[in-house]
Amino acid sequence: MVEKKDKLIIAGREFTSRLMVGTGKYESFKQMVTAIEKSGAEIVTVAVRRVNISDRSKESLLDHIDLQKYTLLPNTAGCYTADDAIRTCRLAREAGLSDFVKLEVLGDDKTLFPNNEELLKAAQTLVREGFTVLPYTSDDPIVCRKLQDIGCAAVMPLGAPIGSGLGIRNPYNIRIILETVTVPVIVDAGVGTASDAAIAMELGCDGVLMNTAIAGAKDPVAMAEAMNMAVRAGRLAYLAGRIPKKLYATASSPLEGVIE
């Protein structure tokens with residue numbers, strides 16, 4: 001089957017699932033664990049600031065994630081400067097979490113749009129220090145190209161503002177990004193429902209990362225399963241190749257060549 005042979009490769013690491021999920025906003029750790037399982041995700045992102053690193057004797061988010069089963073992707077959520085994001089990544093590595101990081105440097109607390117100037121600065125330092133960097137960025141092809149040139153292992157343009165559920169607001173920019181870079185393109189932020197995830201994959205994106213769309217749903221476990229199927233369906237449809245759009249109808253059973 002095509003799907004089994006079609007791997008997501010990031011910095012030499014192979015993954016079968018193209019869906020990445022977050023760990024915040026769930027009602028309980030039990031619900032989180034069940035939702036992650038249903039999502040089929042292999043990469044799980046956690047905010048370093050939510051992990052109890054200083055005293056591992058107390059209950060921690062990490063106690064509920066099977067690190068033999070999932071690849072941990074620490075993120076720098078809540079950082080507004082390059083220095084803060086760099087310090088957070090170093091802390092994650094020193095604590096033994098991972099050097100495989102999702103880099104976020106936010107511009108303000110209202111839109112949660114990325115501060116691309118600080119993002120580029122942080123990415124440059126972290127790549128130089130040996131981190132595998134997956135940066136959350138705006139849907140700007142030029143910024144994505146610069147991040148690739150710095151040495152980021154992927155680019156993660158937003159589909160819409162974080163937690164907004166608006167879906168892919170600018171599919172044309174995403175398409176240009178896909179033509180501009182050669183590293184994996186993973187839509188991060190803005191997905192609201194399964195069709196949004198499918199659209200991202202049908203555009204040719206290599207993956208989708210989400211948190212609120214699952215954790216904030218009325219039934220997070222069911223939504224996680226829906227997202228699993230949507231990402232797989234969207235990827236398979238992309239590989240299959242859709243028919244071209246036409247203004248007028250084309251008969252499904254053409255009459256040409258029919259003998260009367």
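The values are calculated or read from the model by the stated rules, or taken from the named source; none is laboratory data. Given the structure is predicted, the values throughout are model-derived calculations rather than measurements. No Cβ is skipped: glycine too gets one built from the backbone with ideal geometry, and neighbour counts run over all protein chains shown. Protein only, heavy atoms only, side chains kept; ligands, DNA and RNA dropped before computing areas. Shrake-Rupley method; radii C 1.70, N 1.55, O 1.52, S 1.80 Å.
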Of every Cα-Cα pair in the stretch 9-161, the percent that sits beyond 25 Å: 28
Calculated from DSSP H runs of 4 or more alone, at -39500 (n - 2.57) each and per residue, what is the 222 nm mean residue ellipticity of the chain, nearest 500? -11000 deg cm²/dmol
By how many degrees, between 0 and 90 and to the nearest 10, does the Cα long axis of helix 116-128 differ from the longest principal axis of the chain? 70
Applying the gyration tensor rule to the Cα atoms of the stretch 90-155 (axes a ≥ b ≥ c; rounded if a/c under 1.5, else prolate if a/b exceeds b/c, else oblate), the class is oblate
For the stretch 16-168, averaging the sequence separation of alpha carbon pairs under 8 Å that lie six or more residues apart and dividing by its residue count, the contact order in percent is 15
Paramagnetic reach from D99 in the stretch 154-188 [backbone N under 19 Å; point 7 Å along Cα→Cβ]: 154
Provide the per residue accessible area, probe 1.4 Å, for the chain, rounded to a whole number of square angstrom. 51
Which residues does the label zone of M229 cover in the stretch 161-201, counting backbone N under 16 Å from a point 7 Å along Cα→Cβ? 193-199
Can you give me the distance in nm between label points at A240 and R87, each placed 7 Å from the Cα along the Cα-to-Cβ direction? 5.1
Rounded to the nearest 5, what is the percent of antiparallel bridges among the DSSP beta bridges in the chain? 15
If you roll a 1.4 Å probe over the chain with all protein chains in place, what percent of the accessible area is carbon or sulfur? 51
Given springs between every Cα pair under 10 Å in a Gaussian network model of the chain, which of G241, G24, G192 has the largest fluctuation? G241
What is the magnitude of the charge dipole of the chain about its Cα centre, with +1 placed on the Cβ of each Lys and Arg, -1 on the Cβ of each Asp and Glu, and no other charges, expressed in debye to the nearest 20? 160
Give the Cα extents of the chain along the principal axes, in whole Å, largest first. 83, 40, 36
